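I have placed the structure first, in the form of structure tokens, so that the comments after it can refer back to it.
Quick note: the coordinates plus some simple rules give every number you see, no bench work behind them. Here the structure is a predicted model, which means the values were calculated and not measured. Cβ placement follows ideal geometry from the backbone for every residue including glycine, while neighbour counts extend to all protein chains displayed.
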Amino acid sequence: MDHIEIQFLGSGDAFGSGGRFQSCVLVKYSRGQFLIDCGASCLIGMNQYGVNPNHIKIIFVSHLHGDHCGGIPFFLIGSQLLYKRTEPLLIVGPPGMKEWLSQAMEVLFPGSSQVQRKFSLEIIEFKDRCPEIVEDVQAGTYSNVHQGDLSFSLRIECDGKVIAYSSDTEWTETLCEAAGNADLFIAEAYYYEKKIKGHMDYITLMSNYSKTGAKRLMLIHMNKDMLAMLDKIECEYAEDGRIVKI
């Protein structure tokens with residue numbers, strides 16, 4: 001491939017505002033495919049847009065909230081029973097990823113965490129500012145300001161390109177590191193100008209965006225109020241199914 005292809009299988013918030021699926025971003029590069037986040041509606045998005053889960057080699061998880069990782073138990077069960085997966089799967093997520101997944105599997109499908117799968121599953125728990133290199137993909141992680149569990153912005157490098165992903169966070173100067181000179185910065189804009197704890201608004205994002213040096217900005221994770229303001233924004237925004245190339 002002479003470019004990286006990014007498809008938004010889910011571009012919405014936790015509550016399905018605007019009828020959008022939850023956060024799930026598919027990246028296709030020269031050596032395969034991976035996901036950035038895997039919200040609870042991930043398999044719906046994959047079926048909607050003709051994506052084969054068996055082609056996904058890695059799932060990067062920004063934080064342990066259901067609209068960002070709640071689809072993983074369904075992905076695993078579907079891979080075992082429906083898609084007959086045999087290729088290994090790697091999940092790279094924050095501290096607590098292993099315990100969370102085991103508990104989630106048991107809550108949603110009792111006994112499923114102990115089932116012998118026909119594919120290997122490896123889970124790597126990353127640490128703040130300790131890049132993980134897997135399958136020629138490097139993922140840098142930076143602590144966010146978000147309520148509840150630890151949240152991280154991601155800086156993913158592959159095929160000589162950089163994708164930055166803010167995930168859920170208030171503005172923090174570490175976003176300048178995560179998105180520094182990135183080819184694409186996928187950033188939350190939950191509200192247009194209203195400031196709430198743990199999330200970023202469009203006005204604050206735009207007032208700080210130039211500091212990142214990112215070449216391209218796309219908004220994601222917008223609530224219904226922000227969606228109503230799309231005719232006023234000055235950058236691109238994600239929509240379910242949209243494909244962009246860098």
In nm, to one decimal, how far is the K197 label point from the H55 one, both placed 7 Å along Cα→Cβ? 4.3
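Dividing the alpha-carbon radius of gyration of the stretch 146-246 by 2.2 N^0.38 Å (N being the number of residues), what value is obtained? Mind showing how you got there, number by number?
Details: Rg = 12.9 Å, N = 101, 2.2 N^0.38 = 12.7 Å.
That works out to 1.01 for the stretch 146-246.
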Stretch R216-F109 to full length: gain in nm at 0.36 nm per residue minus the Cα-Cα span? 34.5 nm
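Applying 1/(1 + (r/R0)^6) with R0 = 35 Å to the Cβ-Cβ distance of Q80 and E236, what FRET efficiency is obtained, to the nearest 0.05? Walk me through the numbers on the way to the answer.
Working: r = 37 Å, r/R0 = 1.06.
With R0 = 35 Å, the Cβ-Cβ based efficiency is 0.40.
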Give the separation of the Cα centroids, the stretch 1-72 to the stretch 187-237, in Å. 20
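Can you give the longest stretch of the chain with no exposed loop site, where a site means trypsin sites (Lys or Arg not before Pro) in a DSSP loop (not H, G, I, E or B) with at most 15 other C-beta atoms within 10 Å?
Details: sites that count: R31, K84, R117, K118, R129, K194, K195, K197, K211, K215, R216, R242.
Here the longest run is 130-193.
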From the backbone phi of the stretch 129-138, what are the Karplus-calculated ³J(HN,Hα) couplings (6.51 cos²θ - 1.76 cosθ + 1.60, θ = phi - 60°) in whole Hz, Gly and Pro given as x? 6, 10, x, 9, 10, 9, 6, 6, 10, 10
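Once you order the gyration tensor axes a ≥ b ≥ c over the Cα atoms, which shape class does the stretch 92-148 get: rounded for a/c under 1.5, otherwise prolate or oblate by comparing a/b with b/c? Intermediate results must be reported in sequence, preceding the final value.
Details: a/c = 3.92, a/b = 1.46, b/c = 2.68.
It comes out oblate by the Cα gyration axes.
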With a point put 7 Å past each Cα toward its Cβ, work out how far S102 is from A228 in nm, to one decimal. 4.6
Per residue and in cubic angstrom, what volume does the convex hull of the Cα atoms of the chain have? 112
Using Cα springs under 10 Å in a Gaussian network model of the chain, which residue among G111, G71, G12 shows the largest mean-square fluctuation? G111
